[in-house]
Amino acid sequence: MSRRLEEIDWQPTPIGEISLRRRRHPVSGDDVYEVKLGDEFLMSSLFTTGEIALAELALAQLPDTELDVAVGGLGLGYTAQAALDDPRVRSLTVIDALAEVIGWHQRHLVPLGARLTSDDRCRLVHGDFFALAADPRGLDPEEPGRRFHAVLLDVDHSPRQVLHPRHAALYQPAGLRALAAHLHPGGVFALWSNDPPDDRFTSALTEVFARAAAHVVDFGNPLQGGTSANTVYLAGKAPDTP
């Protein structure tokens with residue numbers, strides 16, 4: 001059992017100081033892993049329902065065939081692991097801008113690190129998802145022009161609350177159109193958001209994709225009591241779209 005609060009790792013990064021902490025839950029006694037960027041909480045292993053739903057809702061939209069999936073944002077790995085839990089997934093490319101976060105998984109400092117790094121289907125890529133999405137060469141630096149059946153994104157707090165100003169372009173029709181080019185016909189783009197559904201962003205999705213919807217994912221909040229919610233946006237490319 002861990003101490004009440006332990007800082008496992010701290011690293012300076014181009015976007016600020018990032019830290020991985022482990023604390024003991026006062027009621028259950030379980031270890032809770034937290035990631036902070038400066039003084040801001042980015043994620044916690046106590047709240048993973050939305051991250052898991054991001055993968056499950058997206059992959060449920062796809063036919064029963066072998067799937068190639070890309071994930072933007074590694075974090076604690078819950079979206080990636082949920083994708084790998086689907087037996088149809090034959091390859092998973094996870095892109096993260098912070099080598100430090102990838103290192104946590106490779107060093108098995110986080111609960112899912114050993115599982116992700118030992119799965120032959122999973123490859124962790126150090127890169128800027130937003131720059132790759134805007135690049136015609138695509139999301140896989142090792143295979144320019146590669147397309148995916150699903151692209152799952154969990155980096156920013158929401159389309160309006162971004163971690164870096166350069167991310168904002170992706171959430172506009174032109175940025176979404178560039179991202180859609182990296183999907184197979186009939187492919188799915190899914191986005192996690194910490195905010196309630198945003199009609200303006202859903203409208204931007206419908207300009208680019210054949211269908212789009214916002215799904216509210218409710219989960220219990222043991223810290224504040226009651227129920228909290230995330231939003232998962234799903235957008236599907238037409239089957240005959242080039």
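The values are calculated or read from the model by the stated rules, or taken from the named source; none is laboratory data. Everything numeric here is computed off the predicted structure, so don't read it as measured data. Quick reminder, even Gly has a Cβ in these numbers, built from the backbone with ideal geometry, and neighbours come from all protein chains shown. Please note that ligands, DNA and RNA were not included when accessible areas were found on the heavy atoms of the full protein model with its side chains. Shrake-Rupley method; radii C 1.70, N 1.55, O 1.52, S 1.80 Å.
Of these, Gly103, Gly72, Gly113, which one is of a type outside the set (S, T, N, Q) and touching a strand residue (DSSP E or B) at 6+ places or on another chain (Cβ under 7 Å)? Before the answer, list the steps.
Working: Gly103 fails: touching a strand residue (DSSP E or B) at 6+ places or on another chain (Cβ under 7 Å); Gly113 fails: touching a strand residue (DSSP E or B) at 6+ places or on another chain (Cβ under 7 Å).
So the residue among Gly103, Gly72, Gly113 that is of a type outside the set (S, T, N, Q) and touching a strand residue (DSSP E or B) at 6+ places or on another chain (Cβ under 7 Å) is Gly72.
Are there any helices (runs of 4 or more DSSP H) wholly within region 34-148 with 1 or more residues that are of a type in the set (Ser, Thr, Tyr) and closer than 17 Å to Val232 by Cα, and if so which? Outline the logic, then answer.
Working: elements: 49-59, 78-84, 99-106, 113-118, 129-134.
Result: 49-59, 78-84.
Which of the residues that make up region 93-121 are touching a Cys at 6+ places or on another chain (Cβ under 9 Å) and touching a residue at least 40 places away in the same chain (Cβ under 8 Å)?
The answer is Thr93, and nothing else.
Restricting to region 188-235, give me the number of residues that are hydroxyl-bearing (Ser, Thr, Tyr) and surrounded by fewer than 21 Cβ atoms within 10 Å (Cβ to Cβ).
Going through region 188-235 one residue at a time, the tally reaches 5.
Okay, residues lined up against (1) over 14 Å from Leu112 (Cβ atoms); (2) charged (D, E, K, R); (3) touching a Cys at 6+ places or on another chain (Cβ under 7 Å):
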| position | (1), (2), (3) |
| --- | --- |
| Ile18 | yes, no, no |
| Arg21 | yes, yes, no |
| Tyr33 | no, no, no |
| Leu42 | yes, no, no |
| Thr48 | no, no, no |
| Ala53 | yes, no, no |
| Thr65 | yes, no, no |
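Going by the conditions given, is Asp240 assigned to a loop (DSSP other than H, G, I, E, B), in contact with a strand residue (DSSP E or B) (Cβ under 7 Å, 6 or more places away or on another chain) and at pLDDT below 95?
Values: assigned to a loop (DSSP other than H, G, I, E, B): yes; in contact with a strand residue (DSSP E or B) (Cβ under 7 Å, 6 or more places away or on another chain): yes; at pLDDT below 95: yes.
Yes; evaluated as a whole, the condition is true for this residue.
Taking the conditions exactly as written (surrounded by fewer than 16 Cβ atoms within 10 Å (Cβ to Cβ), more than 30 Å from Asp31 (Cα to Cα), acidic (Asp, Glu) and touching a strand residue (DSSP E or B) at 6+ places or on another chain (Cβ under 8 Å)), does Glu143 satisfy them or not?
Criteria not met by Glu143.
Would a scan of region 170-187 turn up a residue that is polar (S, T, N, Q), touching a strand residue (DSSP E or B) at 6+ places or on another chain (Cβ under 6 Å), outside any helix (DSSP H, G or I) and open to solvent by 70 Å² or more (accessible area, probe 1.4 Å)?
No.
Tell me, yes or no, whether region 153-160 has at least one residue that is of a type in the set (D, E, K, R), open to solvent by 40 Å² or more (accessible area, probe 1.4 Å) and at pLDDT 95 or above.
yes
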